[in-house]
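Reviewing the structure listed below.
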Amino acid sequence: MLFSAATVLAADGAYVSQKGSWLRNKTESKIPAGSFTPIDEPMVVTKDDGTNLSFTIYMMSPDGLVPGTIFEGIYDGKPYTFGKDTLAFAHVSPTSYRIEIKSGDGASATELVTFSANNTRMRAEGKRTEKSGKTYDYVQIWDRIE
């Protein structure tokens, strides 16, 4: 199920909500070759009220797209389980937030996500550190889809 692209503020009015359906823009995203495998299926955010955040990353199956990994947490900077990883979300401004990612494979990343003025695009600028200590920068662009 995909949601419509209404520009909304979170329930408390202080933060832009990412509620809706998003797809990574493969052309505009800049991920170094040989680094991590980005998500190429839709992400559907079912709740973002400025405090609580819930989303599902869909995955391709032989029968088409099916719900995959689900995240449920709070914008409090504390880690919450997401599959084999943990994600910690914290607001930075009314139109941006920070994610601290700890991967099950020993890698970690920090992303600063900002919303476009019309809330139809998210830009995630990140720095990833592999278990080996190798680091690299990346940018993921997410477009709101109908």
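When ALA14 is tested against (1) touching a Phe, Trp or Tyr at 6+ places or on another chain (Cβ under 9 Å); (2) over 20 Å from VAL139 (Cα atoms); (3) assigned to a loop (DSSP other than H, G, I, E, B); (4) not aromatic (Phe, Trp, Tyr), just one condition goes unmet, and that condition is (1). If you take the residues of region 53-70 that are within 14 Å of the chain's Cα centre (by Cα) and not small (Gly, Ala, Ser), which of them is nearest to ALA88 (Cα to Cα)? Across region 53-70, the extreme among qualifying residues is LEU53. Against the test of being in a loop (DSSP other than H, G, I, E, B) and in contact with a Phe, Trp or Tyr (Cβ under 8 Å, 6 or more places away or on another chain), the options PRO32, PRO38, PRO67 yield a single qualifying residue, PRO32.
Restricted to region 118-137, and to residues there that are surrounded by fewer than 18 Cβ atoms within 10 Å (Cβ to Cβ) and within 19 Å of ALA14 (Cα to Cα), the residue that is modelled with the lowest pLDDT is ASN118. Checking each residue in region 87-114 for being closer than 16 Å to LYS127 by Cα and either touching a Phe, Trp or Tyr at 6+ places or on another chain (Cβ under 7 Å) or among the small types (Gly, Ala, Ser) (or both) picks out LEU87, ALA88, PHE89, TYR97, ILE99, SER103, GLY106, ALA107, SER108, ALA109, VAL113. The set of residues in region 103-117 that are under 12 Å from THR129 (Cα atoms) and either surrounded by fewer than 16 Cβ atoms within 10 Å (Cβ to Cβ) or touching a helix residue (DSSP H, G or I) at 6+ places or on another chain (Cβ under 7 Å) (or both) comprises ASP105, GLY106, THR110.
Considered as a group, the residues in region 5-61 that are hydroxyl-bearing (Ser, Thr, Tyr) and closer than 30 Å to SER132 by Cβ include one that is modelled with the lowest pLDDT, and that residue is THR37.
Filtering region 76-98 to residues that are modelled with pLDDT of 95 or more, of a type in the set (Gly, Ala, Ser) and under 16 Å from SER54 (Cβ atoms) leaves only ALA88.
Consider region 91-142 and keep the residues that are within 23 Å of THR81 (Cβ to Cβ) and assigned to a loop (DSSP other than H, G, I, E, B). The one that is nearest to the chain's Cα centre (by Cα) is SER103.
The values are calculated or read from the model by the stated rules, or taken from the named source; none is laboratory data. Please read all numbers here as calculations on a predicted model, not as lab measurements. Neighbour counts are summed over all protein chains in view; Cβ atoms, including those assigned to glycine, are modelled from backbone coordinates with ideal geometry.
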